[in-house]
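Chemist: The structure that follows is given in the form of structure tokens.
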Amino acid sequence: MKAIWAALLLTPVLALGQSGNPGGFHFWTKADLEKAGTGPGAKSTGHLMLNQLGAENGERFLMAHRDGPGEAEYHATEADIMFVEAGHAVLTYGGTMVNPRDTAANEKRASGIKGGKQKPLAPGDVVTVPPGVPHQVTPRAGGSIDYFVLKVKE
């Protein structure tokens, strides 16, 4: 968890002191992020459109657009840091995954979560989900949510 906060807090500070574009420097405008969720390069699976914007040193940067309920997720070795850009949803986390299945090394998906806690998500919210914690983002009925995801390998 300390590695996540160090990456989150130090990256902007180090980048500001550099000129040009050093390795690992990434910059997206609000307009870039608005287009990325549903624009070219976005991959659609069910109610989720996902666009990987970059990857570097165990970190991945994604823009997600969700317009319906998604599957519950579990990442054994990655933390998800989510920055809500637009829309509203409910984040369910913790608890037990319902009928989980392996989708890749250290990754699981499930139809839902039983016994988890819930938090409402709104524009401007930031959430950190540590590795090993099941989580599921569900937009409000008839709505959608756009969020930037920083995945940090621990």
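Chemist: Given Ala64, Ala76, which one is farther than 29 Å from Thr29 by Cβ and among the aliphatic types (A, V, I, L, M)?
Modeler: Result of the check over Ala64, Ala76: Ala76.
Chemist: Next up: Does any residue in the range 97-115 that is free of Cβ contacts under 8 Å to residues at least 40 places away in the same chain come within less than 6 Å, Cβ to Cβ, of a residue that is not small (Gly, Ala, Ser) and not in a strand (DSSP E or B) six or more places away or on a different chain, and which pairs are these?
Modeler: Met97/Pro134; Asn106/Thr77; Lys108/Pro100; Arg109/Glu71; Ala110/Asn99; Ala110/Pro100
Chemist: Name, by its number, the condition in (1) more than 22 Å from Phe27 (Cα to Cα); (2) surrounded by 13 or more Cβ atoms within 10 Å (Cβ to Cβ); (3) over 14 Å from the mean Cα position of the chain (by Cα); (4) not charged (D, E, K, R) that does not hold for Gly58.
Modeler: Among (1) more than 22 Å from Phe27 (Cα to Cα); (2) surrounded by 13 or more Cβ atoms within 10 Å (Cβ to Cβ); (3) over 14 Å from the mean Cα position of the chain (by Cα); (4) not charged (D, E, K, R), Gly58 violates only (1).
Residues checked against (1) within 17 Å of the chain's Cα centre (by Cα); (2) within 18 Å of Lys153 (Cα to Cα); (3) modelled with pLDDT of 80 or more; (4) in a loop (DSSP other than H, G, I, E, B):
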| position | (1), (2), (3), (4) |
| --- | --- |
| Leu14 | no, no, no, no |
| His26 | yes, yes, yes, yes |
| Ser44 | yes, no, no, no |
| Asn51 | yes, no, yes, no |
| Gly68 | yes, no, yes, yes |
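Chemist: I'd like to check something: does the range 73-81 contain any residue that is over 17 Å from Phe61 (Cβ atoms), assigned to a loop (DSSP other than H, G, I, E, B) and in contact with a Leu (Cβ under 7 Å, 6 or more places away or on another chain)?
Modeler: Among the residues of the range 73-81, not one is over 17 Å from Phe61 (Cβ atoms), assigned to a loop (DSSP other than H, G, I, E, B) and in contact with a Leu (Cβ under 7 Å, 6 or more places away or on another chain), which makes the answer no.
The values are calculated or read from the model by the stated rules, or taken from the named source; none is laboratory data. Computed from a predicted structure; not experimentally measured. Heads up, the Cβs are rebuilt from the backbone with ideal geometry, glycines too, and the neighbour counts pull from every protein chain shown.
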